[in-house]
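So the structure is just underneath, and the comments pick up after that.
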Amino acid sequence: MLVKYDRNTYGWHLHRYLYDWVLSWADTRVGGWALGILSFAESSFFPIPPDVLLIALVLSARDRAFRFASICSGASIIGGLFGYLIGYTLWYSGNAYSGIAEFFFTYIPGFNVESFLRAKIWYDAYSFWIVFTAGFTPIPYKIITITAGVAEINIYMFMIASTVSRTLRFFLVAGLIWKYGSPIREFIEKRFNLLTILFVILLVLGFIAIKYV
């Protein structure tokens, strides 16, 4: 009997499998290395955010919380630059999308033609804030880093926005776990998305107030 292929169901199961696989590294001696590799990959192609492993590692060794946050931040910033270079050098083949671009559209969860074109339009007016917001919030960062390269935004501005946002995000997560331990874990996992979005809104409003008051 033929089994009907359901891309949405398959994608959910794959995502769950990858989530569990990422968590499994927290119980190994190479958890820190795994965190660095995951953070690098998530900035350009991997679908699971490194916060998952970061939280688990800090819970298991709270005295190394900020070491883990540094690894996570540094690797993610370098990974973001790699994503930028993918967009800058490999995204098009003549006037058409390259094979790499088609691979991303087909196989990377959350990365499709529509999200790519939408992000490209945003860069025309809000390049710094797009990178910063994506780096700090749950917006898939890989879409933004690759699109930044395609749009050829200023590389120095990109690196500044990436460095500030990624460092703030991962040190905030590690700091909360370091201070409050296990009780804060469930709160972060359930409400972190909302809290980070609110933080960015308040930050933008603050800059607007400084400009016009």
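Annotations for the structure displayed:
- Which numbered condition LYS142 misses (of (1) charged (D, E, K, R); (2) within 30 Å of LEU59 (Cα to Cα); (3) over 18 Å from the mean Cα position of the chain (by Cα)): (3)
- Among the residues of the stretch 129-155, those that are in contact (Cβ under 8 Å) with a residue 24 or more places away in the chain and in a loop (DSSP other than H, G, I, E, B) comprise THR137, PRO138, PRO140, GLU152, ILE153, ASN154.
- Condition met for GLY87 (closer than 25 Å to LEU168 by Cβ, under 13 Å from the mean Cα position of the chain (by Cα), of a type in the set (Gly, Ala, Ser) and at pLDDT below 95): no
- Checking THR167, THR163, THR137 one by one, the residue that is polar (S, T, N, Q), modelled with pLDDT under 90 and touching a helix residue (DSSP H, G or I) at 6+ places or on another chain (Cβ under 7 Å) is THR137 and no other.
- Hey, ILE71 farther than 28 Å from ASN112 by Cβ, of a type in the set (Val, Ile, Thr), without any contact (Cβ under 8 Å) to a residue 40 or more places away in the chain and not in a loop (DSSP other than H, G, I, E, B) or not: yes
- Restricting ARG118, ARG29, ARG64 to those that are free of Cβ contacts under 8 Å to residues at least 60 places away in the same chain and not in a helix (DSSP H, G or I) reduces the list to ARG29.
The values are calculated or read from the model by the stated rules, or taken from the named source; none is laboratory data. None of the values given here were measured: they were computed from a predicted structure. As a convention, Cβ positions derive from the backbone with ideal geometry for all residues, glycine included, and neighbour counts pool all protein chains shown.
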